[in-house]
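Scroll down for the structure; my scribbles are underneath it.
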Amino acid sequence: MVQTLDQYIFIHDAILESVTCGDTEIKAADLRRKLVKLKRKDDSGLSGLDLQATSSRERSSSPRDRCAATARDFWKMVYSRKCSVVVMLSDLIEQNEEVCYQYWPEKRTQSYGEFSVELLNEERKRGFLLRTFSVQEAKSGTAHQVWQFHIPEWSSDYQWRGDVNAMVSVIEEVSKVQRKTGNHPIVVHGLNTVSRSAIFCGVATTIERCKTEGVVDVFQVVKAMRVQKPGAIQTLILEC
């Protein structure tokens, strides 16, 4: 029996979501057919994707991404939490404006506070750059290896314009490295935390759920993300 206010609220929200949104889950085997149907335009020239899209666009950038003073804090976070993977979703300069401070050395070892960072390798792959770093803390002398996946394929309106397969390849490579290094937290950063980063995390979560459950439910993935980060994912990827 329903006995508390929280229980009533939960039931109300569940029923409201069901009535408003319907069944949002798609079987993995039916995904391609569903996408074809959504992309089909009606007499007005609009597709199902157009009708479901919103017109909002991100216009702000995170000052922390551009601040040299926080480079030491960044590496402290990576080192203390044993993060082995960093995913970077922006260029250093976009539209003639610096949007991200270069927090890593180009050719040699560089110190950021008590942390010494050495670039071990840089390799260009399909759709992204892969850099390998060794991060060492002065006090302990212990080195920690970090892989940075740099994906610059974003347009000026902050939508994905690169090869979709390249993003999927990055997600697969990230998963492999994470499993090999103990499934520690992954650092994902872009211009802010609600657009590029949210899209990347949303795609990764959707793929993982498709593999484990055999279903695709973008609505529930985005909904869960917005509980933790309001406004997450502000644009619609039309080509997928």
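The values are calculated or read from the model by the stated rules, or taken from the named source; none is laboratory data. In this text the structure is predicted, and so the values were computed from the model without any measurement. Cβ sites come from the backbone with ideal geometry, for glycine too, and all protein chains shown count toward neighbours.
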Review point. Just wondering, is there one or more residues in region 112-134 that are within 11 Å of Val146 (Cβ to Cβ) and among the basic types (Lys, Arg)?
Key: yes
Check your understanding: Only one of these conditions is not met by Thr235: (1) modelled with pLDDT under 75; (2) in contact with a strand residue (DSSP E or B) (Cβ under 8 Å, 6 or more places away or on another chain); (3) surrounded by 18 or more Cβ atoms within 10 Å (Cβ to Cβ); (4) not basic (Lys, Arg). Which number is it?
Key -> (2)
Exercise for review: Would you please list the contacts, defined by Cβ atoms under 9 Å and residues six or more apart or on different chains, that run from a residue in region 164-189 that is more than 19 Å from Ile207 (Cβ to Cβ) to a residue that is among the hydroxyl-bearing types (Ser, Thr, Tyr) and surrounded by 14 or more Cβ atoms within 10 Å (Cβ to Cβ)?
Suggested key: Thr181/Ser84; Gly182/Ser84; His184/Ser84; His189/Ser62; His189/Ser90; His189/Ser197
**Study point:** The lone exception for Lys180 - which of (1) at pLDDT 75 or above; (2) surrounded by 13 or more Cβ atoms within 10 Å (Cβ to Cβ); (3) more than 13 Å from the chain's Cα centre (by Cα) it fails
**Key:** (2)
Practice item. Tell me which residues, restricted to region 65-123, are surrounded by 17 or more Cβ atoms within 10 Å (Cβ to Cβ), among the β-branched types (Val, Ile, Thr) and farther than 22 Å from Cys201 by Cβ. Key: Val117
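Condition check ((1) under 29 Å from Arg209 (Cβ atoms); (2) surrounded by 15 or more Cβ atoms within 10 Å (Cβ to Cβ); (3) at pLDDT 90 or above; (4) touching a helix residue (DSSP H, G or I) at 6+ places or on another chain (Cβ under 8 Å)) across all residues:
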| residue | (1), (2), (3), (4) |
| --- | --- |
| Phe128 | yes, yes, no, yes |
| Gln148 | yes, yes, yes, no |
| Trp154 | yes, yes, no, yes |
| Asp157 | yes, no, no, no |
| Gly162 | yes, yes, no, no |
| Ser169 | yes, yes, no, no |
Check your understanding: Is there a residue being farther than 30 Å from Ser140 by Cα, among the charged types (D, E, K, R), modelled with pLDDT under 65 and not in a loop (DSSP other than H, G, I, E, B) anywhere in region 45-53?
Key -> yes
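Mind checking whether some residue in region 71-89 is at pLDDT below 80 and not acidic (Asp, Glu)?
No, region 71-89 contains no residue that is at pLDDT below 80 and not acidic (Asp, Glu).
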Point to revise | Identity of the residue in region 190-221, in contact (Cβ under 8 Å) with a residue 24 or more places away in the chain and in contact with a Gly (Cβ under 7 Å, 6 or more places away or on another chain), that ends up surrounded by the most Cβ atoms within 10 Å (Cβ to Cβ) | key: Arg196
Exercise for review: Output the strands (runs of 3 or more DSSP E) that fall wholly within region 77-158 and possess 2 or more residues being among the charged types (D, E, K, R), or say none.
Suggested key: 115-125, 128-137
